[in-house]
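The values are calculated or read from the model by the stated rules, or taken from the named source; none is laboratory data. Keep in mind that what you see is a predicted model, and the values were worked out from it rather than measured. Positions of Cβ are generated from backbone atoms using ideal geometry, with glycine treated the same way; all protein chains shown enter the neighbour counts.
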Amino acid sequence: MSVISWSDFEAVDIRIGTIIQVEDFPEIKNPSYKVWVDFGEELWVKKTSAQITGLYSKEEIIGKQVFWVVNFPPKQIGKFMSEFLLTWVDSPDGIILATVDKKSDNWKKLL
């Protein structure tokens with residue numbers, strides 16, 4: 001494990017957003033969803049792709065509040081532009097989303 005400084009950590013902008021729309025993403029190799037997240041007044045709605053089909057149905061994740069890295073540059077995935085990165089934990093059963101356990105306002109920063 002490498003050690004980073006507090007300023008290194010502060011450079012990664014991780015925010016809370018609420019998943020508001022999910023669609024299948026069959027055009028790419030790995031099973032994925034297209035996901036739209038409401039970040040609130042700062043960014044409004046942004047989209048990304050997520051390889052979370054193993055543990056989550058589309059209906060199950062609508063309304064979930066999750067942590068997202070919002071200051072990575074956009075990335076083209078097939079014909080879809082991913083505008084941010086979700087945070088997750090790998091498990092033997094698949095990817096587990098990093099969620100909040102109590103409702104919070106969108107756009108709050110992880111500290």
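Hey, which of the strands (runs of 3 or more DSSP E) in the chain, taking only ones fully inside, have at least 2 residues that are in contact with a helix residue (DSSP H, G or I) (Cβ under 9 Å, 6 or more places away or on another chain) and buried (at least 16 other Cβ atoms within 10 Å of the Cβ)?
Filter on the chain gives 14-24, 33-38.
Can you tell me which of 22, 69 is among the β-branched types (Val, Ile, Thr) and over 15 Å from residue 110 (Cβ atoms)?
Unique residue meeting the criteria: 22.
State all residues of the stretch 63-111 that are of a type in the set (Phe, Trp, Tyr) and closer than 13 Å to residue 18 by Cα; if no residue qualifies, say none.
Across the stretch 63-111, the qualifying residues are 67, 68, 107.
Select from the stretch 1-31 the residues that are among the small types (Gly, Ala, Ser) and under 18 Å from the mean Cα position of the chain (by Cα) and list them in ascending order.
The answer is 11, 17.
Considering only residues of the stretch 14-46 that are among the acidic types (Asp, Glu) and at pLDDT 95 or above, which is nearest to residue 67 (Cα to Cα)?
The extreme case among them is 38.
Does any residue in the stretch 85-111 that is under 18 Å from residue 37 (Cα atoms) and touching a residue at least 24 places away in the same chain (Cβ under 8 Å) come within less than 9 Å, Cβ to Cβ, of a residue that is surrounded by fewer than 14 Cβ atoms within 10 Å (Cβ to Cβ) and among the acidic types (Asp, Glu) six or more places away or on a different chain, and which pairs are these?
Taking only residues 6 or more apart or on different chains, the pairs are 96/90; 106/41; 106/42; 107/41; 107/42; 109/13; 110/13.
Count, please, the residues in the stretch 32-45 that happen to be among the aliphatic types (A, V, I, L, M) and more than 15 Å from the chain's Cα centre (by Cα).
Within the stretch 32-45, residues that are among the aliphatic types (A, V, I, L, M) and more than 15 Å from the chain's Cα centre (by Cα) number 0.
Quick one: in the stretch 1-10, which of the residues that are among the aliphatic types (A, V, I, L, M) and modelled with pLDDT of 95 or more is nearest to residue 69 (Cα to Cα)?
4
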